[in-house]
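Okay, handing you the structure first.
Taken together, the values in this text are just the output of simple stated rules run on the coordinates, not laboratory data. Keep in mind that what you see is a predicted model, and the values were worked out from it rather than measured. All Cβ positions, glycine included, derive from the backbone under ideal geometry; neighbour counts span all protein chains shown.
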């Protein structure tokens, strides 16, 4: 318990440094540019203390739980004894032997995106913008499928060791082509939905998974191959959201033509 | 107590799907016990409690003031101050973003293990904070560009495509070790603190300018904020 206390105190010091800039920005502009007093000063200061303690606890929890969990999953799912069955682990696994890794990636991507609260707000707005053509649930599923596909492709890239930028550039080309044809109102929302899918909880876990995979898979280097999962996870929801909007629009148009 | 339960539930809901997926894989697919189960359980509790406290604290203090200010600056009419505030907001929120702190430290650890930087506490620390400063700087610039876009009514597509071109060009010159972390930093920056404050600024601006639709013009700031860090971090990789 004593070790924990020391850890909490150490982390608190670092956190204070992290939170200070935003506090300076807000208070500085409020007091010196807008020249307004800070309303409910006591409540604001209490909130500030909560932020400090909360962020410290969160960062400790990450080190103790989410990072180890991510690398543990990577390690267990790539264990040759698990892939080939105990005692038969002779060959070096090929990319198609890592099916459970892809399945795990897809499940994490889908589950995290579908439960993301920020996504709920975005889908409600998209529903309103499109005049009801875009369903709230449909959009959330579209984003979640995009995120799941993004992680699977990211892990596939990691396992095969192919350069990340080929995948990203190919996805960019698809995004640009889709932008030309997608309904105009959905475009900014679609671009935003990419960044929204990866929450504070998902990012560390997925990062640890990627680094763990790069450490475990033979021939991969964490420095060169370990990162990039977040990037693909963020990119494919853009494609799936615009695709979903295009399909919805097409169906709405066809329904009008066929009474 | 009541106002505290809501963020607590929210952070449980954030974590629950992931716990379920991991639990399913552990029990059904891998059929292996989790080593150090107690330690991980305590860690998960820390994450849930910490995130709840953090979000509650933001709601009590920074969010209401930040949103008020976003509206006040949008109405004030001084473009220079508005842009200064936009930059400061992007910079300040990104520096404090929990996911970025965690990923920055992890990137420094990997870079040290891979021999890219010296394996001392000091050089890891300076690499991690350099990375975070770079990302924060780039988000600040992104919000400035996004605010200018809302003011001028530029179509978002051209800016995004321009950004993509920037990413592709930088990729050709950046050292291969930085590319992965650079691409990731785009998605990492936009979470708990940045998204609500930045969205408030965008929607507040679009609704106080005549002829702008908050639905279509207010969005897109997050998109810039997840694009510029890629370009800037690759630049950081070339500089060190």
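So if I take the centroid of the Cα atoms in segment B:164-209 and the same for segment A:149-211, what is the distance between those two points in Å?
Using only Cα atoms to place each centre, the spacing works out to 13 Å.
For the protein assembly as shown, what is the per residue volume of the convex hull drawn over the alpha-carbon atoms, in cubic angstrom?
161
To continue, here is another question. Mind giving me the nanometre distance, one decimal, between the label points for residue A:160 and residue B:42, set 7 Å out from Cα along Cα→Cβ?
Here the modelled spin labels are 4.4 nm apart.
For a quick check, take a GNM of chain B with Cα springs below 10 Å and name the residue from B:222, B:22, B:178 with the largest mean-square fluctuation.
B:22
Under a crude label model (7 Å from the Cα following the beta-carbon direction), how far is residue B:20 from residue A:5 in nanometres?
4.0
Using 0.36 nm times the number of residues separating residue B:78 and residue B:133, minus their current alpha carbon distance, what extension gain do you get?
17.1 nm
At each listed q (0.09, 0.16 Å⁻¹), what is the log10 of I(q)/I(0) that the Debye formula gives for segment B:72-203 modelled as equal alpha-carbon point scatterers?
So the normalised log intensities work out to -0.31, -0.88.
When the C-alpha atoms of segment B:1-160 are aligned to their principal axes, what extent does each axis show, in angstrom, from largest down?
Principal axes ranked by extent give 61, 49, 32 Å for the Cα atoms.
Using the number of other C-beta atoms within 10 angstrom as an exposure proxy, rank B:210, B:76, A:42 with the fewest first.
Fewest-to-most ranking of B:210, B:76, A:42: B:210, A:42, B:76.
Quick check: pseudo-label points 7 Å beyond the Cα along Cα→Cβ at residue A:136 and residue A:251, how many nm apart are they?
Each label point is offset 7 Å from its Cα along the Cβ direction, giving 1.8 nm.
Here is a further query. Using a 10 angstrom cutoff on alpha carbons, build the Gaussian network for chain B and name the most mobile of B:226, B:138, B:207.
The residue with the greatest mean-square fluctuation here is B:207.
Still on this structure, please answer the following. Separation of segment B:99-146 and segment A:1-57 by C-alpha centroid, Å?
22
Another question, then. Just round it to a whole percent: the fraction of Cα-Cα distances in segment A:1-80 exceeding 14 Å.
73
Find the centroid of the Cα atoms in segment A:62-84 and in segment B:1-48, then give the distance between the two in whole Å.
16
Equivalent ellipsoid semi-axes for segment B:45-84, as square roots of 5 times the alpha carbon gyration tensor eigenvalues: give them largest first, rounded to whole Å.
32, 9, 5
Using only Cα atoms, what Kirkwood radius does segment B:1-93 have, in angstroms?
It works out to 16.5 Å.
Cα convex hull of segment A:78-257: mean projected area in nm², to one decimal?
The directionally averaged projection comes out at 11.3 nm².
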